[in-house]
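Data first, discussion second: the structure below is written as structure tokens.
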Amino acid sequence: MSLTVDKSKLRALQWAIMENVSACAILPLMRIGDELGLFAALAKVGPCTSETFAQAAGIDERYAREWLYALCAAEYCSHDEDFETFHLSAEQQAVFADEDSKALMIGAFDILVGNVHGINAIAKAFKTGEGVNYGDFHPCVFQGTARFFKPSYKSNLLAKWMPKIPAATEKLEKGGRLCDVGCGKGLSTLLLAEHYPEASFVGIDIHEPSIYEANKEARRAGLSDRLCYDTADAESYVGRYDVITFFDCLHDMGDPLGAAKYARSRLHEGGLVILIEPSAADHPRENMSVIGQMYYAFSTMGCVPTSKSQKVGLALGAQAGPQRLSDIMREAGFLNTEVVFKNASNMVLACST
Ligand SMILES: C[S@@+](CC[C@H](N)C(=O)[O-])C[C@H]1O[C@@H](n2cnc3c(N)ncnc32)[C@H](O)[C@@H]1O
């Protein structure tokens, strides 16, 4: 069958591709800028020539200048009219140069670079249908996941999400116990521990290097007496809890139903599970957006292979949607499952029996 090409549709598609290609082209420059501290150096120096910037950053001027031009074209860097001096605006500093900013976005580029490193293993998995262990991903993936989610947890967890779940906040204010399953490097658990001084906290994850770093952070924050992290999987951790959380990880698990049932068995009477998942609608047609493109791509490179590497290998994907997640929780015995918060990037489900 011969297909007729509609020229205007073709042009529109080509332009959409060019925009994506251009965005992808900047990827290695973002990683290099981050790794060599170029954003921090530019923020520190303020408006400067490429020579002054190169000197301050300890890099070659010619590379510095080309990097600056590329970033200016992307509107990631500011400049004077004649492109003689360069600087980061307050907003550009907030997203690229301030590690503690609630607007930080540089971590996304870590994940993207990590995913590029993972291409060979994932391409092989496409053919075999097998999974790839989370621990076998490139280290950029672990660092990027923690850094990319950090601003959202800092902005939303205590100010917007927990207030929507009064049953959980009451328990934690009175000194309850919380287990954060699939906690990664543990920022979500640490923020909760700082906020609820009467309660005690455990974070568990299958990824030992993340748990090691999480415990280091707990010590640094002086919280080790009531916050600890253990290497365990979602069906082998010990203890009984008032609240069990899954931050952006239930869909990564091979057996989310098994994990939900196990969580139920670990809850005290009246306890509850909180799920934080990537925001999604139930039908793929409703996820065809900029955010959907990113999540389906992350999911192909990370969530699906992780899940397929584990028992059952359900591979829910990052865009499973609230209905599918609620069905799983109900099947596990959480008869009251409600989406209590949703924005462009996250949704929060509170689940009780
Ligand atoms: C996308 S990361 C999210 C990490 C962390 N919750 C956060 O929000 O930054 C998913 C995490 O789930 C963990 N994970 C995957 N399968 C698991 C399982 N069966 N049991 C426990 N953790 C698991 C991974 O090791 C990884 O740290």
Exercise. Comparing Gln93, Gln323, Gln14, which has the greatest mean-square fluctuation in the GNM of the chain with Cα pairs linked when under 10 Å apart?
Worked result: Gln14
Problem set entry | Solvent-accessible area per residue for the range 1-149 (1.4 angstrom probe, square angstrom) | 62
For this session: Identify which of Val113, Val273, Val312 has the largest mean-square fluctuation in a Gaussian network model of the chain, with springs joining Cα atoms closer than 10 Å.
Result: Val312
Exercise. Which angle between 0 and 90 degrees, to the nearest 10, do you get for helix 107-117 versus the longest principal axis of the chain when only C-alpha atoms count?
Worked result: 90
Exercise. Hey, in the GNM for the chain with a 10 angstrom Cα cutoff, which one of Ala64, Ala318, Ala73 fluctuates hardest?
Worked result: Ala73
Exercise. Once every DSSP H run of n ≥ 4 in the chain is given -39500 (n - 2.57) and the sum is divided by its residues, what mean residue ellipticity at 222 nm do you get, rounded to the nearest 500 deg cm²/dmol?
Worked result: -14000 deg cm²/dmol
Exercise. With N residues in the chain, what two-decimal value do you get for its Cα radius of gyration over 2.2 N^0.38 Å?
Worked result: 1.09
Seminar exercise, completed: Filtered pair list for the range 140-278 (Lys only, Cα < 24 Å, 8 or more apart or interchain) has a length of 16
Exercise. Taking Cα centroids, how far is the range 172-193 from the range 271-297 in Å?
Worked result: 23
Exercise. In whole angstrom, and with the biggest value first, how far do the Cα coordinates of the range 251-316 range along each principal axis?
Worked result: 41, 26, 15
Seminar exercise, completed: Rounded to a whole %, the carbon-and-sulfur portion of the accessible area of the chain at a 1.4 Å probe is 55
For this session: Mind checking the per residue accessible area of the range 291-353 for me, 1.4 Å probe, whole number of Å²?
Result: 42
For this session: Report the percentage of all Cα-Cα pairs in the range 7-98 whose separation exceeds 18 Å, rounded to a whole percent.
Result: 45
Exercise. Any idea what angle helix 256-266 forms with the longest principal axis of the chain, computed on alpha-carbon atoms, 0 to 90 degrees, nearest 10?
Worked result: 50
Exercise. Taking K and R as +1 and D and E as -1, what net charge do the other residues with C-beta under 11 Å from the C-beta of Phe149 add up to?
Worked result: +3
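The values are calculated or read from the model by the stated rules, or taken from the named source; none is laboratory data. All figures in this text were calculated on a predicted structure; none of them were measured in a lab. Using ideal geometry, Cβ is built from the backbone for each residue, glycine included, and neighbour counts are taken over all protein chains shown. Side chains are part of the model used for accessible areas, which takes the heavy atoms of the whole protein and leaves out ligands, DNA and RNA. Shrake-Rupley method; radii C 1.70, N 1.55, O 1.52, S 1.80 Å.
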